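Structure record follows, encoded as C-alpha cells.
Each reported figure results from applying straightforward, stated rules to the coordinates on display, with no laboratory input. Quick caveat, the model's predicted, so the values are computed rather than measured. For neighbour counting, all protein chains shown are included, and Cβ atoms are generated from backbone atoms with ideal geometry for every residue, glycine included.
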Amino acid sequence: MNRRIEPASEPRPAPPPNRRASPRRARSMASYFTNHLRAFFASLGQLLRTPLPTLMTATVIGIALALPAGFHAVLSSVQTVAAGWEGDMAQISLFLKPSVKEVQAGKLADRMRAMSEVAEVHYISPQEALAEFEQSSGLRDALAYLNENPLPGVLVVRPAAQFAEPAAARGLLRRFEAMTEVDSAQLDLAWLERLHAMVGLAARGVWLLAGVLSLAVLLIVGNTIRLGIQNRREEIVVTKLIGATDGFIRRPFVYGGMWYGLFGGVIALVVVNGLLLSLSGPARQLAALYHSNFRLELLGGAATLGVLTAGALLGWLGAWLAVGRHLRRIEPV
Amino acid sequence: MIEFHNVAKRYPSGHAALRDVSFAVARGEMVFLTGHSGAGKSTLLKLIALIERPSAGEVIVNERNLTRLGRRHIPYHRRGLGMIFQDYRLLQERSVFDNVALPLVIAGEYDQRETGRRVRAALDKVGLLGKEKYYPVELSGGEQQRVGIARAVVHKPVLLLADEPTGNLDPDLSREIMALFEAFQRVGVTVLIASHDHDLIARMNHRVLTLHQGVMLNGEGAPAP
Ligand SMILES: Nc1ncnc2c1ncn2[C@@H]1O[C@H](COP(=O)(O)OP(=O)(O)OP(=O)(O)O)[C@@H](O)[C@H]1O
Ligand SMILES: [Mg+2]
C-alpha cells in the first residue's frame, strides 16, 4: 500500500482561488444548475434503485389521480353528447302576428336562414297549424263552428350549435321577440337547463373529488419522503456537518417527490385509458340501443398533460412540505 | 484564528462540560488539545463548528463572532473548516471517492475533472489512492479514519479540527498523519488536534492546551500548571 505523504508545498489554504478566468457570477450560476441537475438525476437513480417500493408508492398515487381523471373522461364524453342533443332540441317557436301573411312570413324565414346564429327555419302556416291541431285535439267538430282560423303562423327556428346552449338561446329569443312580425316567442328550456345543471353538478363533483384526492397524494408523498428522511438520517447529519445548506439537503427529496408524482401520473394515464378502452365497446352497444351516438373518448392531450403536471406538482409540494417539517429537527450532535 | 472568552458549556442534562474557558489560537498555528476522557475536548471542538452553542461566553472563529451567527449562516461557516471526527462519520452507502468529494459537491463544484483531481490528490496524501472505489465497510478502522482526513482537507479549509485523528492508527501511520497536518500548518492552515496520545504530542514541538474536568489549565488567565 502506498503510504506516501506529500511534501508541504502541495496543500494551499482556502479560500480556493478561481482557477479559471470565468467570472464569479457565471461560476455560481453554473454550480447552481449543476447542483439542481445533480439532485434531479440522483433522486431518480435513488428511486430506480428500489424499483418495487417506488412502483408501489407510484401506483397508490396513480390510483388517486386516476379516479378524478377517469370521471373527467366520462364526463367530457357525456358533455360532447349533450352538446349534440342541445343542437337537436333547442327550438324557438315564433308566433307571428295575425296580420302577417304567408308571403311575408316566407321572406322573414329566408332572412333568418341567412343569419349565422340560425341553423334551420321551418314555417307552419295557420292552415297547417289548424290541421295539426284538429288531428291532435280531436275537436274537429267544435272547430267547424269557428268561421275563422284563430291560429297564427309559426316559425320554428333551430339555433346554430354555438347558440343552442341556454344562455345564448335566450339571447337569441329576445332578439326575435323584438321583430315587428313576431307576436310572441317561446323557447322550451326546462329539459335543457336540467341537463345543464346535472352536468354542472357532476363537473363540480369531479373537481371536489380531485381536491380530496390531491390531498391524499400530498399525504402519500409526504409520508414516503418522511420515511426516506428517517432512513437517511445519518447521511443528512454528516452532510450538514460538512456545510450543506438546508436547500442542498432538501433538493433530492423534493425532486424525489416530483418523480413519485410523475410516475403516479403515468400510471393514472395507463389505468384510465385502459379502463376507457375496455369499456368503450360495451358503452357503444348500450348507446346504440338508445339510438345515441354516445362514445367514450380516451383522455385528450390537455387532460393527459394535466394529469402529468398535477402529479408532478403534487409530488413536489408534498415532498417540500414534508421535508420542511422533518429536516429542521435533524441536527448533528 | 480561534478565541474563547469565558466560555461555559452546560448540557441539558445539567453536566458542565466546559467552565470559564478562555484561550486563543493564532492563524497558522498548530495546537494540541489534551485532557482525560470526558474532560471536554470534543465539546470544545463542537463549539467551534457550531454543532453546539455555548451556555455563556463568546467564541470567535476566523474573526467571526459565532455567538451572533444565525442558523442560516452555519453551513457557510462549516465550509471553511475541515473536521475529522472521533467516529469517522463516513457515508456508508457512498464509495470512498464520493465521500471525499462531498465537501466539493456541497460547495457547488461542477467541474468533474477538477473534482476528480482534487479527490485523488487528497486520497494520495493519506495513502489511499488505490481504494477510491471501495465502500467504508470494506476498509479497516484506520483506513476509514484516513478517508475522513482526506475529506477534511479536500476543500483546503482555513482551519482543521481533528478529534482523535490517530485513535485507530498504528504508530508509524500516526506519525505520517501528524506530518501531514504539519505540512498543512506550514502553508498557513490553522490546526487544532484533540488527542490523549501523550507520547505523540510530546514528540512534536507544538503548543499544548490541557483540559481538566472542563477547566482549561493553561489557557489565558488559567491557574498556573
Ligand atoms: N450531548 C451531551 N449531553 C450531555 N452530556 C454530554 C453530551 N456530550 C458530552 N457530554 C458530557 O460532557 C463531558 C465532556 O464530553 P466530551 O465528549 O467533550 O469529552 P472528551 O474530552 O471529548 O472525552 P473523550 O476523550 O472520551 O472523547 C462528558 O462528561 C460527557 O458525559
Ligand atoms: Mg471526545
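Points worth noting:
- Taken one residue at a time, the phi angles of segment B:92-100 give Karplus couplings (6.51, -1.76, 1.60, θ = phi - 60°) of 5, 8, 10, 5, 4, 4, 5, 4, 6 Hz. Gly and Pro are set to x.
- Rounded to the nearest 20 debye, dipole of chain B from Cβ charges on Lys, Arg, Asp, Glu: 660
- For the segment B:109-117, counting C-beta atoms of other chains within 10 Å of every residue's C-beta and taking the mean gives 3.
- Förster-model FRET efficiency, 56 Å R0, A:V333 and A:A288, C-beta, rounded to 0.05: 0.20
- Normalised by 2.2 N^0.38 Å, where N is the number of residues, the alpha-carbon radius of gyration of chain B equals 1.00.
- At an R0 of 25 angstrom, the distance between the Cβ atoms of B:R27 and B:N65 translates into a FRET efficiency of 0.90.
- Among B:L81, B:Y135, B:V31 - extreme Cα towards positive end, dipole of chain B, charges at beta-carbon: B:L81
- Angle in degrees between helix B:141-153 and the longest Cα principal axis of chain B, rounded to the nearest 10: 80
- Derived scalar couplings between HN and Hα for segment B:105-117 equal 4, 4, 6, x, 5, 10, 8, 4, 5, 5, 4, x, 4 Hz in order, rounded to whole Hz, by the Karplus curve 6.51 cos²θ - 1.76 cosθ + 1.60 (θ = phi - 60°), x for Gly and Pro.
- Gap separating the Cα centres of segment B:126-160 and segment A:285-304, nearest whole Å: 65
- Sorted by Cβ neighbour density within 10 Å, fewest at the top, the residues B:T43, B:T34: B:T34, B:T43
- Footprinting exposure proxy for A:E193, A:E235 (fewest neighbouring C-beta atoms within 10 Å first): A:E193, A:E235
- Footprinting exposure proxy ranking of B:M83, A:M115, fewest other C-beta atoms within 10 angstrom first, gives A:M115, B:M83.
- Between 0 and 90°, nearest 10: helix A:166-177 axis offset from chain A longest Cα axis: 30
- Dipole moment magnitude, nearest 20 debye, the protein assembly as shown about Cα centre, only Lys, Arg, Asp, Glu C-beta charged: 2580
- Given charges at Cβ of Lys, Arg, Asp, Glu: the protein assembly as shown dipole, positive-most of A:A197, B:S42, B:G116: B:S42
- Only helices enter this figure: runs of n ≥ 4 DSSP H residues, each worth -39500 (n - 2.57), summed and divided by the residues of chain B, yield -10000 deg cm²/dmol at 222 nm to the nearest 500.
- Figure legend: label point modelled 7 angstrom from the Cα of A:M179 along Cα→Cβ; residues of segment A:111-142 with amide N under 17 Å from it are A:111-126.
- Angle in degrees between helix A:102-113 and the longest Cα principal axis of chain A, rounded to the nearest 10: 10
- Placing pseudo-labels 7 Å out from each Cα toward the beta carbon at A:V81 and B:S37 gives an inter-label distance of 8.1 nm.
- Summing Cβ point charges (Lys, Arg +1; Asp, Glu -1) relative to the Cα centre of segment A:91-188 gives a dipole of roughly 360 debye.
- For the protein assembly as shown, the Cα-based Rg and Dmax, in that order, read 40.4, 138 Å.
- Of all lysines in the structure, those lying under 21 Å Cα to Cα from B:K46, and not within fewer than 8 positions of it along the same chain, are A:K240, B:K9, B:K156.
- Ranking A:S99, A:P126, A:A169 by how far each Cα lies toward the positive end of the dipole of segment A:91-188 (charges on Cβ) leaves A:A169 at the top.
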